């Protein structure tokens, strides 16, 4: 059975529309400027800065987690990210996804773009879950995907400029067939298990012990 990886072999086109006067006056250059300069939230700064701030957190420390305790109202989830951190994460992920989609749309031969949170799986778990291990697993997956999103952004800019080594920068993209099954999975637990079990980048994240724990969660 062939192994599916997050790679694509897009054909190179001889000329890129929008670069008639050079890259610096192209729509991709304008998009890159907005990515690094335009403020999305006063407390976060530009999109690029907001993304790097979230990625820099790396590990989910106790001060970033709210534990409602066993005496909470049973309709409320036991754990969730601290409100300020959660707001920053949602803002950064939303902005990153918009820029990735806009950049990919400028590349005529590109038929797909990288999805930061496939199947809306990770953000809902971070907003509330009954399992602390699941919260950690969702966080690790999201940080990994945001890092991959940064690489995808660099790749799209290189592709737009028809750089022959664009694939070397970041040989990844979201292959739709990898993520299609998520559309039919309603439960976030099962979505998370699917991502860790079937997406190559995430399969590498978990040691055997961690994978078994995820299955039992």
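The values are calculated or read from the model by the stated rules, or taken from the named source; none is laboratory data. The structure presented is a predicted model; accordingly, all values stated were derived computationally and were not measured. When we count neighbours, we look across all protein chains shown, and the Cβ atoms used for this are built from the backbone with ideal geometry, even at glycine.
Quick notes on this structure:
- Selection count where residues are surrounded by fewer than 19 Cβ atoms within 10 Å (Cβ to Cβ) and in a loop (DSSP other than H, G, I, E, B), scope the range 114-130: 2
- Evaluating residue 210 against the criteria (1) under 27 Å from residue 86 (Cβ atoms); (2) at pLDDT 80 or above leaves one unmet condition, (2).
- Out of 192, 162, sole residue that is at pLDDT 80 or above, surrounded by 14 or more Cβ atoms within 10 Å (Cβ to Cβ) and not in a helix (DSSP H, G or I): 162
- Residue satisfying condition, being closer than 28 Å to residue 161 by Cβ and crowded, with 17+ Cβ neighbours inside 10 Å, within set 96, 101: 96
- Candidates 53, 60 - the one that is assigned to a helix (DSSP H, G or I) and either crowded, with 20+ Cβ neighbours inside 10 Å or under 19 Å from the mean Cα position of the chain (by Cα) (or both): 53
Okay, residues lined up against (1) modelled with pLDDT of 90 or more; (2) part of a helix (DSSP H, G or I); (3) closer than 23 Å to residue 110 by Cα; (4) in contact with a helix residue (DSSP H, G or I) (Cβ under 9 Å, 6 or more places away or on another chain):
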position: 8; (1), (2), (3), (4): no, no, yes, yes
position: 12; (1), (2), (3), (4): no, no, yes, yes
position: 32; (1), (2), (3), (4): yes, yes, yes, yes
position: 74; (1), (2), (3), (4): no, no, no, no
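- Flag for residue 135 being surrounded by 19 or more Cβ atoms within 10 Å (Cβ to Cβ), touching a strand residue (DSSP E or B) at 6+ places or on another chain (Cβ under 6 Å) and touching a residue at least 24 places away in the same chain (Cβ under 8 Å): yes
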